[in-house]
Amino acid sequence: MSINPVDIDNYPKILDDKTTRITALFSELALPKPTVFPSEPAHYRLRAEFRLWHDKDSAYYAMFDPAEPKTPIPVEQFTVASKSIFDLMPVLLEKLNSQVMLSKRLFQVEFLSTLSGDMLVSLIYHRRLDEEWQVLAEKLASELDIQIIGRSKKQKLVLGRDYVVENLVIDGEHYVYNQYEGGFTQPNGKLNATMISWAKAQVGENPDTDLLELYCGNGNFTIPLSAQFRKVLATEISKTSVKAAHENFARNNVTSIDILRMSSEELTSALNKERSFRRLEHIDLDSYNISHVLVDPPRAGLDENTRLLISGLEKIVYISCSPETLHRDLQILTKTHDVDAFALFDQFPYTHHMECGVYLKRRVKP
């Protein structure tokens, strides 16, 4: 038994069926017809992780069927992976199998790549890593021109960098991002650039007003959008993402963004003057003239207080990885706002998942 290859030739039909299903979910809301942005049918995924399954004197990449979680399924080719991961996988496996000290009790391999060609591989072990491992791993990293991290319980050895450097071209402009191992990044790089371009087109130029962004991650949307506003106030709860965001603001010479390490719920309380926070001592919230908000929440969608907060703002860009929770939130937001644009980004081809984008404008009272 092996992993079935994706049905590349049938991708347009698969996407059409998914689009029909997602559109039907929102039918009672009378949204505009969605603009659909397809993925590349192969080599689109910039991240991948596999178990390394040992059989006698060699090992192979494996995945598992949830219905049979104890039966490893060999992965000989992984067509959805970026071309750089796809090409590296057999070469790396051969080298791991040729060195007992590199393969011994190695149980997981994780790949993080970029459109610009940078590569980080995490090797995760059920044993403590010693100096002999490090010498061999450094030689491997040099031979393959990759970054390597070795992990075991309570141990992390970084050989080089623990991040990759991505270069995105969006509407003719170049942006540079540090993307950390373990931090969130969009897995489909080309569609990520398309999503950012779409969001920029919706908001237009706003030199006299400010943007509020909740769940800003490493500054993925924040940095390109900042050029279209006077200032940006952004929040993110992940320590790794906040660190990356600060580095990315500096990399791109952006100084008009304030990022707060706090949840959207906490910022909502602060903006509503319900609570004060030490983290906000250096921020004058009253100095912001917020006309737009961008939200890119986790699959759970927005909490009640955040929905209430953004419903008081004039314009909303809502990026969603869950059509179901987006549908729930739109049932409330469309009581105050009209949906001006609707987009579907097929970040995850051949799965039931779909990334959605909605642009809402506050309804003018008669």
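Close amide-amide hydrogen proximity is noted between I148 and V121, L159, R161, each under 5 Å apart and 5 or more residues distant or on a separate chain (H modeled in the peptide plane; Pro and chain starts excluded). Between P74, A343, P298, the Cα set farthest toward the positive side of the dipole of the chain (charges on each charged residue's Cβ, about the Cα centre) is that of P298.
When the chain is treated as a GNM, springs tying every alpha-carbon pair under 10 Å, which of E205, E49, E68 comes out with the largest mean-square fluctuation? Comparing E205, E49, E68 in the GNM, the peak value goes to E68.
Of the cross-linked pairs K33/K83; K70/K153; K18/K70, those separated by over 27 Å at the C-alpha level are K33/K83; K18/K70. For the options V135, V242, V164, a Gaussian network treatment of the chain with springs between C-alpha atoms closer than 10 Å singles out V135 as fluctuating the most. Rounded to the nearest Hz, the phi-derived 3J(HN,Hα) couplings of segment 166-178 under the Karplus curve 6.51 cos²θ - 1.76 cosθ + 1.60 (θ = phi - 60°) are 9, 10, 10, 10, 10, 6, x, 9, 9, 10, 10, 9, 7, where x marks glycine and proline. Could you work out which residue, out of I283, I257, I170, moves most in a Gaussian network model of the chain, that is, has the largest mean-square fluctuation with Cα springs under 10 Å? Greatest mean-square fluctuation among the candidates belongs to I283.
With θ taken as phi - 60° and the Karplus curve 6.51 cos²θ - 1.76 cosθ + 1.60 applied, the whole-hertz 3J(HN,Hα) list for segment 56-67 is 6, 9, 9, 9, 9, 5, 9, 10, 9, 7, x, 6 Hz, x standing for glycine and proline. Entry note, the chain: the mean residue ellipticity at 222 nm calculated from DSSP H runs of n ≥ 4, each adding -39500 (n - 2.57), is -9000 deg cm²/dmol after division by the residues and rounding to the nearest 500.
Averaging the Cα positions of each part gives two centres, and for segment 13-52 and segment 55-119 these lie 27 Å apart.
Amide H contacts under 5 Å for T79: V6, restricted to partners 5 or more places along the chain or on a different chain, H placed in the peptide plane at 1.01 Å from N.
Which of the residue pairs K200/K315; K56/K95; K200/K273; K104/K154; K190/K361; K104/K139 have a Cα-Cα distance greater than 20 Å in the structure shown? Over 20 Å Cα-Cα: K200/K273; K190/K361.
Measuring nothing but protein heavy atoms, the accessible surface of the chain at 1.4 Å probe radius is 50 percent carbon and sulfur. Along segment 101-114 the Karplus relation, 6.51 cos²θ - 1.76 cosθ + 1.60 evaluated at θ = phi - 60°, assigns HN-Hα couplings of 5, 8, 9, 4, 6, 7, 10, 8, 10, 10, 10, 10, 10, 9 Hz to successive residues, with x for each Gly and Pro. Using Cβ point charges alone (K and R +1, D and E -1), the dipole size of segment 238-280 about the Cα centre works out to roughly 160 debye.
Between segment 155-178 and segment 201-267, what is the C-alpha centre distance in whole Å? Taking the Cα centre of each part, segment 155-178 and segment 201-267 sit 17 Å apart.
The values are calculated or read from the model by the stated rules, or taken from the named source; none is laboratory data. Not measured: the values here are computed from a predicted model. Cβ atoms come from the backbone with ideal geometry, glycine included; neighbour counts cover every protein chain shown. Just the protein is used for accessible areas: all its heavy atoms, side chains included, with ligands, DNA and RNA removed. Shrake-Rupley method; radii C 1.70, N 1.55, O 1.52, S 1.80 Å.
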